[in-house]
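In what follows, a single structure is set out as structure tokens and then discussed.
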Amino acid sequence: MSGRVLQSFPRTAHWRGGLDGCLVLIDQTLLPTEFKEIECRDVESLWEAIRSLRVRGAPAIGVAAAYGVCLGMQRSTSGDLESFFRRLHEVCDYLATSRPTAVNLFWALDRMRRKAESMRGSPTPQIAQALLEEARAIEEEDRQMCRAIGRFGAELLCDGQGVLTHCNAGGLATADYGTALAVCFAAHEAGKRLHVYADETRPLLQGSRLTAWELQQRGIDVTLICDSMAAQVMREGRVQAVVVGADRIAANGDTANKIGTYGVALLAAAHEIPFYVAAPSSTFDLSLASGDEIPIEQRDPREITHGFGRQTAPEGVKVYNPAFDVTPARLIRAIICEHGVIEPVAEQNIRQMLQSNHPV
Ligand code: MRU
């Protein structure tokens with residue numbers, strides 16, 4: 001695909017049609033060389049799309065899973081209420097096994113369950129219709145939250161700064177516009193000239209395949225670096241702020257994000273560069289006291305030994321492949337959410353901000 005600047009952006013995940021419709025996803029495994037949308041017509045194909053990262057990024061996984069519940073319920077409206085609810089819980093439990101770390105998945109599934117429970121007693125086609133509306137609301141709210149994150153975050157950046165980001169927390173990782181990249185997009189739209197350094201993000205290269213692509217599409221100055229170059233780039237004085245997304249934020253502010261994020265936070269601290277996390281309220285998990293309790297996804301060793309089709313390690317070598325790491329709150333200057341900027345990052349400030357219910 002060319003590097004031309006796009007004026008409108010395709011939707012990461014959207015529902016096509018009515019109750020018997022399907023979920024349309026951008027297949028992110030094919031980017032940046034191929035732009036293709038796929039149609040998920042059953043819950044099994046959506047489960048596979050989440051597991052294999054065709055749709056990925058914490059908020060986008062939540063949106064997709066909400067629609068996944070609608071797919072799973074499509075043939076269940078003719079029976080009685082009991083079998084409808086049995087099926088609903090089966091579908092939600094199944095989708096919950098697709099990936100363990102991004103809490104947005106569980107948040108969206110809980111919200112779908114609660115919506116259905118609030119209508120127990122109504123005819124099942126009516127509940128199914130309400131579930132579709134709830135999934136659409138989750139998508140729309142995510143879109144609004146990302147815009148608000150962009151507005152608050154843009155204030156933290158100055159004209160002419162170098163900004164480093166890790167993985168992809170852009171429009172592709174959300175319903176639209178992103179979290180960490182929303183901060184860059186909004187600053188750029190406000191006339192601040194930024195230079196973004198995108199870590200390529202081993203092993204699955206979300207930084208080079210997706211972040212560099214998204215920034216190019218929006219006409220933002222971007223330079224791709226290997227993950228191992230971040231220290232040198234900081235030492236050379238090219239980076240004045242780091243902004244990353246999150247998959248789960250514990251009550252004390254410890255933040256799980258793509259593997260390598262913790263290392264970037266340590267580097268930023270060593271160079272006295274502010275390290276920001278941008279995430280919607282759906283990414284906070286206040287039931288966990290600290291990041292020690294966040295489940296970390298372990299992925300297939302072949303992502304490291306056979307990345308993108310070529311064997312790059314000796315046969316039989318032992319591999320450790322955690323997909324996420326946890327950055328301790330003390331390394332995070334501030335968390336940007338749709339309600340505002342949480343600084344300093346401390347449990348009381350987090351709880352206060354999330355309860356503040358500022359309009360988005
Ligand atoms: O494995 P991925 O690609 O789903 O990991 C994505 C990330 O780590 C993102 O930084 C995070 O989900 C935030 S997306 C707004």
For Ala60, which of the numbered conditions (1) away from the ligand (no atom under 11 Å from the Cβ); (2) touching a Ser or Thr at 6+ places or on another chain (Cβ under 6 Å) fails to hold?
(1)
Tell me, which residue of region 282-304 that is away from the ligand (no atom under 14 Å from the Cβ) and outside any helix (DSSP H, G or I) is surrounded by the most Cβ atoms within 10 Å (Cβ to Cβ)?
Leu288
Exactly one of Glu347, Glu338 is within 16 Å of the ligand (Cβ to nearest atom) and within 17 Å of Asp285 (Cβ to Cβ), and that residue is Glu338
For region 254-273, check the following and say yes or no: at least one residue is crowded, with 22+ Cβ neighbours inside 10 Å, over 20 Å from the mean Cα position of the chain (by Cα) and not in a loop (DSSP other than H, G, I, E, B).
yes
Quick test of your reading of the structure: Val163 fulfils all but one of (1) away from the ligand (no atom under 16 Å from the Cβ); (2) in contact with a His (Cβ under 8 Å, 6 or more places away or on another chain); (3) not basic (Lys, Arg). Name the failing condition by number.
(1)
Which helices (runs of 4 or more DSSP H) sit wholly inside region 1-120 and have at least 2 residues that are in contact (Cβ under 8 Å) with a residue 60 or more places away in the chain?
58-72, 103-117
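Do you know which residues across region 70-87 are among the hydroxyl-bearing types (Ser, Thr, Tyr) and either at pLDDT 95 or above or more than 13 Å from Gln129 (Cα to Cα) (or both)? Steps first, please.
Taking region 70-87 first, the residues among the hydroxyl-bearing types (Ser, Thr, Tyr) are 76-78, 83.
Within region 70-87, Ser78, Ser83 meet the criteria.
The values are calculated or read from the model by the stated rules, or taken from the named source; none is laboratory data. Since the model is a prediction, treat every value here as computed from it, not as a measurement. Here the Cβ is made from the backbone with ideal geometry for all residues, glycine too, and neighbour counts use every protein chain on show.
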